1. Across region 219-259, what is the total count of residues that are touching a residue at least 40 places away in the same chain (Cβ under 8 Å) and within 25 Å of the chain's Cα centre (by Cα)?
2. Cβ-Cβ distance below 7 Å, separation of 6 or more or different chains: which pairs start in region 48-59 with a residue that is farther than 18 Å from Leu198 by Cβ and end on one that is surrounded by 14 or more Cβ atoms within 10 Å (Cβ to Cβ) and aromatic (Phe, Trp, Tyr)?
3. Within region 40-53, can one find any residue that is modelled with pLDDT of 95 or more, loosely packed, with under 15 Cβ neighbours inside 10 Å and among the hydroxyl-bearing types (Ser, Thr, Tyr)?
4. Would you mind telling me which numbered condition in (1) assigned to a loop (DSSP other than H, G, I, E, B); (2) under 29 Å from Asp49 (Cβ atoms); (3) charged (D, E, K, R) Glu154 fails?
5. Name the residue, out of Phe37, Phe88, Phe117, Phe105, that is at negative phi and more than 22 Å from the chain's Cα centre (by Cα).
6. Step by step: first the residues of region 54-76, then only those that are among the small types (Gly, Ala, Ser) and assigned to a helix (DSSP H, G or I), then the one that is surrounded by the most Cβ atoms within 10 Å (Cβ to Cβ). Which residue is that?
7. Filtering region 197-218 down to residues that are without any contact (Cβ under 8 Å) to a residue 40 or more places away in the chain and closer than 19 Å to Gly62 by Cβ, which residue is nearest to the chain's Cα centre (by Cα)?
Amino acid sequence: MDIPYTVQPRPDTGLYNAKVGIWLFLASEVMLFGALFSAYILLRVSAPDDMWPHGWLNIPLGTANTLVLITSSITTVMAWASLKMNNFGKFKFYHAITLLCAVAFLCIKSYEYHDKFIHHTYFLKDGRIADGHLEEQTKEELVISGRYVKDVTELYDLRTHPAPAPTEIKIARDQVDEGRSSSYQPKHNTYTAIYFTLTGLHALHVIGGAIVIGFLWGPGSRMWKTDPERFTNRIEISGLFWHFVDLVWIFLFPVLYLL
């Protein structure tokens, strides 16, 4: 028995089943990210002015990722439009570009994450604070490319206290206060916690969308030969999800990178 309304619109909503389902799912996604953005706003407005980081993220890389996702949204629309015009070859081309953009986004984001995990703040027992990227470590000492600061607030607003050119610093391990020192990982402070939560959840959505796009581009595309209209609808549905992923990043980029 055929499932009704997989291609034809329902009389009550004017939409076919999958589109009704994706809009309901996206409504729940809006509530999820809305709660996290609200948490970000509350955490930020309650933080002391000199204790909220500015300039910690790489704006050129964030801009590049924004352009990558915008491009992918355009190509996923072009892929769907190609099917509507009965051009399967162009669909494969545009959807391949969408998939490559997803991979490029994840590669850039992975680089940003790696940069944060090798960036450390070391509180020394003599009262000094060393901050920089870990270059080398042995049982006796740590070698970082960074700087010394007198007060931790100098590390927060890099617009007011721009970092000088990094220099090589060697630190004896027995001089490090391990209980206070850490890399820029989620537990480092409130900002890194919300940064990794928001961008990590978004990256998981990118991965999920890329898996679906890859399936529809590969083995799932066999449906085009047997039920082209339903396959076209599947591309439309995956495209709606991908546009949502893009839209979330359009909010994340200015909130985390620019403000």
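1. Selection size over region 219-259: 23.
2. Asp50/Tyr156; Met51/Tyr156
3. no
4. Result: Glu154 fails condition (1) only.
5. Phe88
6. Ser72
7. For region 197-218, the residue satisfying everything is Gly200.
The values are calculated or read from the model by the stated rules, or taken from the named source; none is laboratory data. Note that the structure is predicted; figures quoted are calculated from it, not measured. Backbone-built Cβ (ideal geometry, glycine too); neighbour counts: all protein chains shown.
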